[in-house]
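**Student:** So that we are looking at the same thing, I have put the structure below in structure tokens.
The values are calculated or read from the model by the stated rules, or taken from the named source; none is laboratory data. Quick caveat, the model's predicted, so the values are computed rather than measured. Positions of Cβ are generated from backbone atoms using ideal geometry, with glycine treated the same way; all protein chains shown enter the neighbour counts. What goes into the accessible areas is simple: the full protein's heavy atoms, side chains included, and nothing from ligands, DNA or RNA. Shrake-Rupley method; radii C 1.70, N 1.55, O 1.52, S 1.80 Å.
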Amino acid sequence: MPALLQAEGLACGVDEAGRGPLAGPVVAAAVILDSRRPIAGLDDSKKLSSERRLQLSARIRLQALAWAVAEASASEIDRLNILQATLLAMQRAVCGLVERHGVLPAQILVDGQHCPSFAYPAQAVIGGDGRICQIAAASILAKTVRDAGMQELHATHPQYGFDRHKGYPTAAHLRALQENGPCPQHRRSFAPVARLLRA
């Protein structure tokens, strides 16, 4: 696999995790890497094992110049729609990065087709999590933080199996929804949940 590109200067990579699940928040991360401390093995989080993501997440937190993670809740997703809630989580992550580290990004590179409004130059990059190191790092942070949150949700709502499917609409999750009804963290605006509420 060809090496990912390192964007020049103080480029901030932004990505999200959790657009497709029926439950839980959508989580976004923003990362500015330190070019003096490169991190080997960065890639789209979906291409990495859970163990490898956790290893890289720890290295990103330790070696990045700046990073932050933020989310939009299930209720915000229902109120705004999933796209707008995702963009909101991305804005919050970048704001958190600036507030937490005091580092101003020279440019923001966002994975995907849609780019939120930022106070800094920004560009959407289709497939960016597999092409640009900063976005790959953000992808890994967002995924690991969301997965950890779904593990915590499993502790309070074990009947849904969130520890296994992380809220995605697997057959097991849909059966659990049918048997138990939705919990407060289920997204009411998503079709499988909405159908149950109308029944």
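**Student:** Please give, to one decimal in nm, the separation of the simple spin-label points placed at residue 152 and residue 101, each 7 Å out from Cα toward the Cβ.
**Tutor:** 2.2 nm
**Student:** Could you grab the relative contact order for the chain? Cα pairs under 8 Å, six or more apart, rounded to a whole percent.
**Tutor:** Rounded, it is 31 percent for the chain.
**Student:** Which residues among segment 165-199 fall inside the zone where the amide N is under 16 Å from a point 7 Å beyond the Cα of residue 114, along Cα→Cβ?
**Tutor:** Those under the cut-off are 189-191.
**Student:** Please report the antiparallel percentage of DSSP beta bridges with both residues in the chain, rounded to the nearest 5.
**Tutor:** 60 percent
**Student:** Mind pulling up the Rg/Rh value for segment 99-199? Radius of gyration and Kirkwood radius, both on Cα.
**Tutor:** Reported Rg/Rh (Cα atoms, Kirkwood Rh): 1.10.
**Student:** Pull up the DSSP beta bridges for segment 1-108 and report the antiparallel fraction as a percent, rounded to 5.
**Tutor:** If I count the DSSP bridges inside segment 1-108, around 85 percent turn out antiparallel.
**Student:** What do you get for the angle between helix 50-63 and the principal long axis of the chain? Use alpha-carbon atoms, 0 to 90 degrees, nearest ten.
**Tutor:** 40 degrees
**Student:** Now for a separate question. Pick from 11, 138, 106: which residue has the top mean-square fluctuation in a GNM of the chain where Cα pairs under 10 Å get a spring?
**Tutor:** Fluctuation is largest for 106.
**Student:** Provide the gained length on full extension for the span residue 198 to residue 174, in nm with one decimal, where the gain is 0.36 nm per separating residue minus the Cα-Cα distance.
**Tutor:** Here the answer is 7.1 nm.
**Student:** Write down the accessible area per residue of segment 49-199 in Å², having rolled a 1.4 Å probe over the full set of protein chains.
**Tutor:** Ligands and nucleic acids excluded, the result is 48 Å² per residue.
**Student:** Could you work out the relative contact order of segment 1-80, using alpha carbon pairs under 8 angstrom and six or more residues apart, expressed as a whole percent?
**Tutor:** 36 percent
**Student:** Using just the helices of the chain, give the 222 nm mean residue ellipticity in deg cm²/dmol: DSSP H runs with n ≥ 4 each add -39,500 (n - 2.57), and the total is spread over all residues, rounded to 500.
**Tutor:** Value at 222 nm, helices only: -13500 deg cm²/dmol.
**Student:** Of the accessible area of the chain, with the probe set at 1.4 angstrom, what percent is carbon plus sulfur?
**Tutor:** Looking at the chain in its full context, I get 53 percent from C and S.
**Student:** For the chain, max minus min Cα coordinate along each principal axis, in Å, sorted largest first?
**Tutor:** Largest first, the chain extends 55, 33, 29 Å along its Cα principal axes.
**Student:** Further question: Between segment 125-157 and segment 100-120, how many Å separate their Cα centres?
**Tutor:** 17 Å
**Student:** In addition: Would you work out the relative contact order for segment 106-186, in percent, from Cα pairs under 8 angstrom that are 6 or more residues apart?
**Tutor:** Computed value for segment 106-186: 17 percent relative contact order.
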